[in-house]
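Comments concern the structure below.
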Amino acid sequence: MLTYVNIDFMNILAGISGGVDSAVAAHILRSQGHHIFGAMMKIYNGEVKNSAFNSCYAADKSNEIADAKANCNVLGCEFYLIDVSKEFHNLVFKVFKNEYLNARTPNPCVICNPLIKFGVFPQKVRNIGIEFDKFATGHYVVNEFNPDIGKFQLKRARDLSKDQSYFLYALKQNTLKNVLFPLGNMLKSEVRQYALDNNLPVALKRDSQDFYSGSYSDLFNCKDNSGDIVDKFGNILGRHNGLHNYTIGQRKGLLISYGEPLYVIGFDVKFNRLIVSTKNDTYFNGLIAKNLNWIFWDKPKKSFDAQAKIRSSQQPFLCHVDLINDEARVIFDVPQSAVAPGQAIVFYDNEIVLGGGVIDTSL
């Protein structure tokens, strides 16, 4: 069953990426009689000479731009390509690079969403003289106003396999009141069928891939600084080709012959050592999170129980949270694997996003 956004006539800025999700989101709103402006972000600034394709930070986006224009032609709306590459480089890419080179694992989407996609991008559209009432995207997430608490609530999507609430926990109320997510109550299969039924040119286009699909050494313009791979006792087991090429919980690519599978459990940045161990040592009892943002509360309770996710694709797990100063001390009901500093932890009350933060250390 399709559930559409029920709103009065508006001028709406639709973020158009060249994919099927953003095209359907815009078409749904256009079919309701709203006036749509289509706009796409340009984030690549040419600094990294890469040949990656079908990814967010690809050098060549000509196919995506052509598809976005084709979608706008079907919609009968204007299309604008908005250059936010300078802001993206300064606010997102530099942070992403610095974190990775310090053996942390940041998520560029979590950084980009509040600062660029829902911040700089729509403001730059206004700066060229385009006035609009709401900003709509093809994210799979629900945004509802709750009159009982006087706040907008971000909720998990109906299609939990496509839910993107994890990536949007850092949005604030003044942003949520101005955004629409028409796909929040649709299944991906329904989105595909809608695109086919309405002859959208990207109906069968494959979903885009990760932020970047090439070598991180090329992306960061740095040399692979090889060093020792050691176990938790410091015994040398092999060699790595640069700490930035590994993440917590990684199993593949270690190239070590051992009696049982080995996983990355930590980094010794000072001595350029990659620490590995067996599966049991990948589990942790909790974590400390910083840079917290709360959607549901103005001032959260100092202590509460919640569900949480430390990866976008996992099922929420139970935890207890103690807030101490500006940090969250989180204890898991059941130990969790691959707690990666730099990644996000997002807290839920069933379907409702309470907020989240950045993992600082594991416990």
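General remarks:
- Taken about its Cα centre, the chain carries a charge dipole of about 400 debye when Lys and Arg each add +1 at the Cβ and Asp and Glu each add -1 at the Cβ.
- Accessible area per residue for segment 181-281 is 56 Å², calculated with a 1.4 Å probe on protein heavy atoms, without ligands, DNA or RNA.
- Greater than 19 Å apart at Cα, pairs in 223/279; 42/94; 42/162; 42/86; 162/188: 223/279; 42/162
- Hydrodynamic radius by Kirkwood, which averages 1/r over all alpha carbon pairs of segment 309-363, in angstrom: 11.7 Å
- Across the options 257, 352, 331, the greatest Cα extent toward the positive end of the charge dipole of segment 243-358 (unit charges at beta carbon of Lys, Arg, Asp, Glu) belongs to 257.
- Restricting the calculation to alpha carbons of segment 276-330 gives Rg and Dmax of 13.1, 42 angstrom.
- Size of charge dipole - segment 77-221 - debye, nearest 20, with Cβ of Lys, Arg +1 and Asp, Glu -1, no other charges: 260 debye
- Rg/Rh for the chain (Cα atoms only, Rh after Kirkwood) is 0.99.
- Euclidean distance of C-alpha centroids, segment 113-192 and segment 285-329, integer Å: 21 Å
- Percent accessible area from carbon and sulfur atoms, the chain, protein chains only, probe 1.4 Å: 48 percent
- Rounded to the nearest 20, the size of the Cβ-charge dipole of segment 28-159 about its Cα centre is 260 debye, with Lys and Arg at +1 and Asp and Glu at -1.
- Accessible surface for residue 351 stands near 80 Å², nearest 10, in the context of the full protein assembly shown (1.4 Å probe).
- Radius 14 Å from Cβ of residue 353, net charge of other residues (Lys, Arg +1; Asp, Glu -1): +1
- Take the Cα of residue 318, step 7 Å toward its Cβ, do the same at residue 193, and the gap between the two points is 3.7 nm.
- Value of [θ]222 nm, deg cm²/dmol, for the chain, DSSP H segments ≥ 4, -39500 (n - 2.57) each, nearest 500: -5000 deg cm²/dmol
The values are calculated or read from the model by the stated rules, or taken from the named source; none is laboratory data. Small disclaimer: the values here were computed from a predicted structure and weren't measured. In this analysis, Cβ positions are derived from the backbone assuming ideal geometry, glycine residues included, and neighbour counts consider all displayed protein chains. The protein model used for the area step is the full one, side chains on, heavy atoms only, and it has no ligands, DNA or RNA in it. Shrake-Rupley method; radii C 1.70, N 1.55, O 1.52, S 1.80 Å.
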